[in-house]
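Following: one structure in structure tokens, then a few remarks.
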Amino acid sequence: MFMNIANLISPVIAGVLLEVFNIFIILTINAISFLLSFMCESMLEIQKTNDKPEKINLNSFLNDFLTGIDFIKSKRLILNILIIGIIVNFTSNPILSVGLTFISKQILKITDYQYGILQSTFAISMIASPFISSIIAKKYKLGKVLFLDIFSVSILYFLVSFIISPIYLQGFSYILKPYISLMIIIFFVGLITSIGNIALTTMLQIEIPLKLMGRVIATVSTCLMIVTPLGQMIFGILFDKIPSWINIIICASINFVVILFFKNYLLYGEQEHFVTTNDGIE
């Protein structure tokens, strides 16, 4: 919640500062904020535990990583979720990072302040998502929540491609309406994505034994992070080579096909043992 509030405020502040100061001043402020953060973290006292390895080196890391891989391979549910996550992360992350910036500055040509507002809209949706997800979790199985999440986001990406297409943009003499249209869609993308992430995290916490939680979660996170820069590089090149709306259609189509492929498993597979009660998820 605190991180999302910071994400809500910071883009607006950044947009204002970029309108007033040059980039040297901005980077200086950023450097000072990192130094202050370092000073605060250096004073933290973390309680020691006895279950850590005697030596922390590359071999111990590889052993923990391989333990996480072995557990994931033994649990079909987690393996399928990881496969879905890798593909969706490969396509969705470039849209929300490289793509959104490119669309905002090169196609819509909005100001830095307007771009900050767009980023804050995304943060607002993520602040609201925990409250909505608690209601949804009482009515639907986690597998169904995850399926509907990716399915809905794919449809929203198709809408984004239409908004930035020449057919839609040529209907307006001023960019304000396309900008507002994009803002509304980005709000729902952030809301639905965040709800899906909460459902995914809950699934993993239910399925993974506590003693293996750190190793397995670290393995899953590593696999997801590896594909992120790869997707950004590939789609970054594609945004320079082909129209942006076609790139968005490609990403949306990949997500759409993947979630339909795993539809039956998410809706009727192993996750049926998840039980929802009036108090939440068991």
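Filtering S74, S60 for residues that are out of contact with any helix residue (DSSP H, G or I) (no Cβ under 8 Å at 6 or more places or on another chain), more than 30 Å from G15 (Cβ to Cβ), small (G, A, S) and modelled with pLDDT of 80 or more leaves a single hit, S74. Looking across C223, C251, one residue alone is modelled with pLDDT under 90, outside any loop (DSSP other than H, G, I, E, B) and not aliphatic (A, V, I, L, M). It is C223.
Looking at segment 194-211, is at least one residue β-branched (V, I, T) and in contact with an Asp or Glu (Cβ under 8 Å, 6 or more places away or on another chain)? Checking segment 194-211: at least one residue is β-branched (V, I, T) and in contact with an Asp or Glu (Cβ under 8 Å, 6 or more places away or on another chain). Can you pull out the residues in segment 219-272 that are touching a helix residue (DSSP H, G or I) at 6+ places or on another chain (Cβ under 7 Å), of a type in the set (S, T, N, Q) and within 24 Å of S104 (Cα to Cα)? Hits for segment 219-272 are T228, Q232, S244, N247, N255.
Looking only at segment 200-212, decide whether some residue is touching a residue at least 24 places away in the same chain (Cβ under 8 Å), surrounded by 14 or more Cβ atoms within 10 Å (Cβ to Cβ) and not in a helix (DSSP H, G or I). Within segment 200-212, one or more residues are touching a residue at least 24 places away in the same chain (Cβ under 8 Å), surrounded by 14 or more Cβ atoms within 10 Å (Cβ to Cβ) and not in a helix (DSSP H, G or I). Taking the criterion of being more than 27 Å from I127 (Cα to Cα) and assigned to a helix (DSSP H, G or I), the residues of segment 163-193 that qualify are P166, I167, Y168, L169. Out of everything in segment 1-31 that is in a helix (DSSP H, G or I) and among the polar types (S, T, N, Q), what residue ends up being farthest from the chain's Cα centre (by Cα)? Within segment 1-31, the match that is farthest from the chain's Cα centre (by Cα) is T28. For segment 97-114, a residue qualifies if it is at pLDDT 85 or above and not polar (S, T, N, Q), and the qualifying residues are V98, G99, L100, F102, I103, K105, I107, L108, K109, I110. Among the residues making up segment 254-282, those that are surrounded by 14 or more Cβ atoms within 10 Å (Cβ to Cβ), modelled with pLDDT under 50 and among the polar types (S, T, N, Q) are Q271, T276. Go through segment 56-85 and count every residue that is more than 19 Å from F261 (Cα to Cα) and part of a helix (DSSP H, G or I). Going through segment 56-85 one residue at a time, the tally reaches 17.
The values are calculated or read from the model by the stated rules, or taken from the named source; none is laboratory data. Values in this document were obtained by computation on a predicted structure and should not be read as measured data. With ideal geometry, Cβ positions are generated from the backbone for all residues, glycine too; neighbour counts draw on all protein chains shown.
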